[in-house]
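None of the figures in this text is laboratory data; all of them are computed from the coordinates on show. This is a predicted model, so every value here is computed, not measured. Note that each Cβ is placed from the backbone with ideal geometry, even for glycine, and that neighbours are counted across all protein chains shown.
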Amino acid sequence: MKSFITTVTLLVLTVLAMGVAAEKTDAPRPDGLRGAGYSATPAAPPIAGVTDRKGREERNYPEQPPVIPHSIDGYQLDKRFNQCLDCHSRSASPESGAPMVSITHFMDRNKQVLAAVSPDRYFCTQCHVPQTDAEPLVENRFETVDEVLRRLAEDGDGQGGAE
Ligand code: HEC
Ligand code: HEC
C-alpha cells in the first residue's frame, strides 16, 4: 500500500513538473500577429464596427461578388428562412430598392435557369460579406485590373513590370 501511494505521489509530481517545464519552454515571443507568446492569453481586440456606407461599392473585377454595403446584424439566414431575399428577391426588389439577386443565382450548376434562387446560392454570406473598419493586419498589395492595365501601359513593353 505504502509503495502504491509513493508511486501515485511520484506520478503526480512528474506530471506537475512536466507542466512547469512546458511553461518554461514556451517559444520566445514570436513576431506574429497575436503579439504574444503561445501560452499567453492577450486581451481580445474590440470587434470592428461594420461600415454602413451609402451606396454600393465598386467591384475590383467583374466577377467579384459585390461586398455588402450595409450591416447584416441579426438577419436570419438559415435553412428555415433567408431574410436577405426579403429585400433582394425578384419580387421584393422594386419596393425595397435593393438590387435584385443576379440572374446567375437562378442557374444550377448545369446553367439551367430555375424559377427560384438556386440552392447553390442560398447561403448568401458564403460569397457576400459586409465590410468593417478594421485596420488590415498585413499590407494589401492587391491591384485592380485598371491599375494593372495602367502599369502595363506605363511600362510600355506590354509585358508588365518584373514584380
Ligand atoms: C431591409 C432590406 C435589405 C435586407 C434585409 C438585405 N439587404 Fe442587401 N441591400 C439592400 C439595399 C437597399 C441595397 C442597396 C444599397 C444602396 O444602393 O445604397 C443592398 C445592397 C446589397 C449588396 C450590394 C449589391 C451590389 O451590387 O453592390 C449586397 C451584396 C447585399 N445587399 C447583400 C445582402 C445580403 C447577403 C443580405 C442578407 C444577409 C442582405 N443584403 C439583406 C437592402 C437589404
Ligand atoms: C457562390 C457564391 C455566391 C452566393 C452563394 C451568392 N452570390 Fe450573389 N453574387 C455572386 C457573384 C460572383 C456575383 C457577381 C457576378 C454575378 O452576377 O454572378 C453576385 C452578384 C450579386 C448581386 C448583384 C446583382 C447585380 O445585378 O448587380 C446581388 C444583389 C447578390 N449577388 C445578392 C445575393 C444574395 C441576396 C444571395 C443569397 C440569396 C447571394 N447573392 C448568394 C456570388 C454569390
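Before moving on, here are some points about what is shown:
- In a DSSP loop and with at most 11 other Cβ atoms within 10 Å, the GluC sites (Glu not before Pro) in segment 38-76 are Glu58, Glu63.
- Spacing of the modelled spin labels on Asn110 and Asp78, each 7 Å from Cα toward Cβ, amounts to 3.3 nm.
- Full extension of the chain segment joining Ser102 with Arg56 gains 15.1 nm, where the gain is 0.36 nm per residue of separation less the Cα-Cα distance.
- Cut-off under 5 Å, modelled amide H: who pairs with Ile68 long-range: Val129, Gln131
- Of the chymotrypsin sites (Phe, Trp or Tyr not before Pro) found in segment 67-163, those that fall in a DSSP loop while having at most 12 other beta-carbon atoms within 10 Å are Phe81, Phe142.
- Neighbour-limited loop hits for trypsin sites (Lys or Arg not before Pro), segment 69-98 (at most 10 other Cβ within 10 Å; DSSP other than H, G, I, E, B): Lys79, Arg80
- Fewest-first ranking of Asp108, Asp73, using other Cβ atoms within 10 Å as the exposure measure: Asp73, Asp108
- FRET efficiency, Arg90 to Thr132 (Cβ-Cβ, R0 25 Å, nearest 0.05): 0.25
- Volume per residue for segment 52-111 equals 120 cubic angstrom (convex hull of Cα atoms).
- Averaging Cα coordinates gives a centre for segment 107-149 and one for segment 53-82; these two points are 9 Å apart.
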